[in-house]
1. Yes or no: residue 873 within 15 Å of residue 744 (Cα to Cα), modelled with pLDDT under 95 and open to solvent by less than 10 Å² (accessible area, probe 1.4 Å)?
2. So residue 642 clears everything in (1) modelled with pLDDT of 95 or more; (2) open to solvent by less than 10 Å² (accessible area, probe 1.4 Å); (3) not basic (Lys, Arg) except one condition, right? Which one?
3. Is it the case that the range 755-773 has a residue that's surrounded by fewer than 16 Cβ atoms within 10 Å (Cβ to Cβ) and part of a helix (DSSP H, G or I)?
4. Out of (1) open to solvent by less than 30 Å² (accessible area, probe 1.4 Å); (2) farther than 30 Å from residue 626 by Cα, what's the single condition that is false for residue 856?
5. Filter the range 433-465 for residues that are closer than 16 Å to residue 619 by Cα and open to solvent by 10 Å² or more (accessible area, probe 1.4 Å) and give the result.
6. Is it true that residue 611 is crowded, with 22+ Cβ neighbours inside 10 Å and closer than 18 Å to residue 452 by Cβ?
7. Kindly indicate whether residue 684 is in contact (Cβ under 8 Å) with a residue 40 or more places away in the chain, open to solvent by less than 10 Å² (accessible area, probe 1.4 Å) and farther than 30 Å from residue 763 by Cβ.
Amino acid sequence: MGLTVEDFLNECQQSGDAAYAAFRSLLDRLENPTTRVDARIFLSLLQNRFASSPSKLAADQFFHSFHFRIDDILLDQYQGYQGRKKLTTMVIPSIFVPEDWSFTFYEGLNRHPDSIFKDKTVAELGCGNGWISIAIADKWLPSKVYGLDINPRAVKISWINLYLNALDEKGQPIYDAENKTLLDRVEFHESDLLSHCRDHGIQLERIVGCIPQILNPNPDAMSKMITENASEEFLHSLSNYCALQGFVEDQFGLGLIARAVEEGIAVIKPLGIMIFNMGGRPGQAVCKRLFERRGFRISKIWQTKVIQASDTDISALVEIEKNSPHRFEFFMGLSGDQPICARTAWAYGKAGGSISHALSVYSCQLRQPNQVKTIFEFLKNGSHEISSSLDLSFEDDSVADEKIPMLAYLATVLKESSFFPYEPPAGNKRFRDLIAGFMKTYHHIPLNADNVVVFPSRAVAIENSLRLFSPRLAIVDEHLTQHLPRQWLTSLAIESTGSDNQSEDILTVIEAPRQSDLMIELIKKLKPQVVVTGMAQFEAVTSAAFEHLLGITREIGSRLFLDISDHFELSSLPGSSGVLKYLAGTRLPSHAAIICGLVKNQVYSDLEVAFIISEEEAIFKALSKTVELLQGITAPISQYYYGCVFHELLAFQLADRHALAKRESPKDNSVEMIGFASSAISVLNSSELSINEAKNTSLIYMDVDQSFLPLPSPVKTAIFESFARQNLAESEIDVNSSIRHYIKSNYGFPTDSGTELIYADSSLALFNKVVLCCIQEGGTLCFPAGSNGTYVSAAKFLKASIVNVPTKSGEGFKLTEKILSDVLETVNKPWIYVSGPTINPTGLLYSNKEIEYILSTCAKFGAQVVIDTSFSGLEFDSESWSGWDLEGSLSKLSSSGSPSFGVSLLGGLSLKMLSGALKFGFLVLNQSHLVDTFYSFPGLCKPHSTVKYAIKKLLGLRERKSGDLLDALAERIRSLSHRSKRLKETLEKCGWDVLESSAGVSMVAKPSTYLNRIVKLKKSPKDGGTMENDATYEVKLDDKNIREAIRWATGLCINSSLWTGIPGYCRFTIALEESEFERALERIVKFNDLINT
């Protein structure tokens, strides 16, 4: 080298930095193949010089004088060791010096079988001087070992140690059994944990780590730049202390381990293993939970006690104990067996005592690696704060097998989708396909999505079915009646009065025992039009009882709804079901349908979805429409949850492996069955409900009250966190105080201890219960012209007495005192529906003064008022809009008005919370008699605990004026305002008269230029056409058929005047995904061009 050992030692003697510089120069020579042999021989000379001072005292003095040391680490302590007898390594003061901490870790690695690292790609975190990486490579012959350390000096010294052991004393390569050297197997890199592997796309099979687990008592020191020229003291501190990492485990000093684990999840292969040294100071339970809550199965492969390093200050742990109830675990010496806290250990150590702590080596493997990786990928991209509440630890594997895939699917949806897509009323198409697929694969029943209608619950499915047929008499299994209206269960109108209209309005339900022979006896005697029943367990195994029920109901002309919920198993080995066996061989008769409520998941005992199976197209369509009218849509998140359960049961199966048997046709009905109630079918046929054409996926929906706007990050985070958490406390899902604050701050609506707050999956479901209250109390429901058409149709379906309140274009189709007074003078027991402050569909606003006039007029006549705020909260000009403050006026009116006067507040948070995924409605009742009446109509599908958790979190962000959420809301309002103006400009250019909106997501316009024009339209299927043929007919355009004309010509769906209730005016919604909105504008122009061609 041209440099003698003495010269080299003289350089090293100057300072630690000088010694590092000398070895840095030596490393350059080792890395150069032409000088490598000489450099290695020089290292041997240095080693020999160091070996001449064999005593520990002399070695320590040498280290102090020359700022480096060369040691042998013995590896062949016991017989049977495979590999070299020892490693020769050097250290310098600015890096971690091998001691008990790392020796114990290597002992733990040794407890694994020899195959653990063989041919594997390995990374060691916090490699220090690299001896463990080199030992792993030497003993187990891995494919590659990456030794990683944040200390740049440690990396350089590790490379020197690699050359020291890869070459013999003469500088010649040492080959292993596979004819490779350590230089082929090991690399060292400067890396903040796994950043090197992440940045270079390196996938690992093993990750091992022996990294700091005590917070630096001087936090500011950790903020310095880490370079090889930093001070020795600072660089050495990196091996003893860590900084705060932003994880809940920081409080135990384990934040760096937590970050290493989460980074490891991203780069480890699915069957990979992580092995970490864990100091027992925080307690074994804390250490285990760090891994388990992140989805790992863990095993403790080695545990011992080690003396607490004298150069590590534990005062940071003392400070943690001072500020929390947690107590760390230390011991007095190695023989102590009673734990002492950090404060006692600190004091004992200061007094000269020796303190120790447990040291364990944990081996961890992800239980469902692909799904867990997906979850953490989502958390990494903007939802890191959820990490502290994530809990993937499960005592029961079946719970893990259900929940982890759901979280992974939800993470994928939230990450890849900016919005939640259109949901047909029959239920999510994917979910219905999965139900049909499960029936086909496991029970050999050839169903498809168009045989399945999804409902929020079994109770809703049963009630909707009974309302659809509206039988004079129904027999219902006594186990299924608890959620039916009380009036149905107390009516004695069993015999027909001879009047079709009267009998249709009276629905009597007789409760019956579930046992089939008793049920059949009742059916024979009472001859009901509808039967709803389950089956006893002993009868469900075979099909005999089911066939008997089918026969007797067919014979007397009854509709049969059979509930199989109790016997339907979501399992890869479902039990025997006589009903499903029968359906595998015989088509479901037209008079029968199957009801199934899904509540048997492993995680949430109260998360429910139900479905009805019917092989009759007319029943499928009619039931779908009842969902749209009475509930809106079934909560998407609930469908996603059970969809994941079905998917997991189907994903591993080969498609169409078993040919399905040809099914027999059922027997013809011998007598005429009850059809849909004439009032129900009249409403369903005349209502403008959403258009669902499976073969046409290019429809653009400007006619539905669903939001397709982007979900802001806080909303996605709240949704995911609600499912990621376990064991939610009641206080975390109690939304009462948040809702009270919300309605007080937005509307000044008074609440007190007597106020009843009722929640549901949607405001529409709550509205329909209010309609039933109106009917029960003999009231007349008054809708202003220009109300939500779906609400009006729902009230008609429920057979409410309805009065239309005319409105004028000059007033923006708003209610006025005079118009309202004229109507109320002629109506008995009026119930007034008011949409506000934002009016749906016009998008205009009722000012505080205007609503006070309306309420004053209603009070004068003793009217009940239902204020619907569901479409409010997105006012375009927020500076001039001051909101409502109803408390003062309502207080005056309640004391001076008619005793029958009352105001109920209806609302929803989907729009205000910018979420198309969270369905949440609320109803505020202040009159006790109304509360009692409301609860006589059970069956309301209430929001799940996960929804309430998310809603409470978002309302809390709003109350705290969280920047992210408020910024997203402000941006949403700006976007909607801009869209409203663009839609108005486009419509006006195409000849529409537009009523400019001021808020919300919809506006109305009159197609003046198109009225009375003759156009050719395709025939719809009900008129004898098909989707495939080109049959057309001529029609004169008016404000009603223009909806069909625009849809057939362009695929754009809007609402006509039939829906808005305003003669001449159609409705357009603007809560579309961005590209869909642009396409909608193009189609408006396209229709104009077609008409004028």
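1. On the way: within 15 Å of residue 744 (Cα to Cα): yes; modelled with pLDDT under 95: yes; open to solvent by less than 10 Å² (accessible area, probe 1.4 Å): yes.
Considered against the rule, which asks whether it is within 15 Å of residue 744 (Cα to Cα), modelled with pLDDT under 95 and open to solvent by less than 10 Å² (accessible area, probe 1.4 Å), residue 873 comes out as yes.
2. (1)
3. No, there is no match, as no residue in the range 755-773 is surrounded by fewer than 16 Cβ atoms within 10 Å (Cβ to Cβ) and part of a helix (DSSP H, G or I).
4. (1)
5. Listed by number, the residues that qualify are 447, 448, 450, 451, 463.
6. Details: crowded, with 22+ Cβ neighbours inside 10 Å: yes; closer than 18 Å to residue 452 by Cβ: yes.
Yes: the conditions hold for residue 611.
7. On the way: in contact (Cβ under 8 Å) with a residue 40 or more places away in the chain: yes; open to solvent by less than 10 Å² (accessible area, probe 1.4 Å): yes; farther than 30 Å from residue 763 by Cβ: no.
Taking the combined requirement at face value, the residue does not satisfy it.
To keep it simple, each residue is scored yes or no on (1) at pLDDT 95 or above; (2) closer than 27 Å to residue 704 by Cα.
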residue	(1), (2)
892	no, no
896	no, no
903	yes, no
928	no, no
944	no, yes
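The values are calculated or read from the model by the stated rules, or taken from the named source; none is laboratory data. As the structure is a computational prediction, the values presented were derived from the model and not from experiment. Here the Cβ is made from the backbone with ideal geometry for all residues, glycine too, and neighbour counts use every protein chain on show. Ligands, DNA and RNA are excluded from the accessible area calculation, which covers all protein heavy atoms including side chains. Shrake-Rupley method; radii C 1.70, N 1.55, O 1.52, S 1.80 Å.
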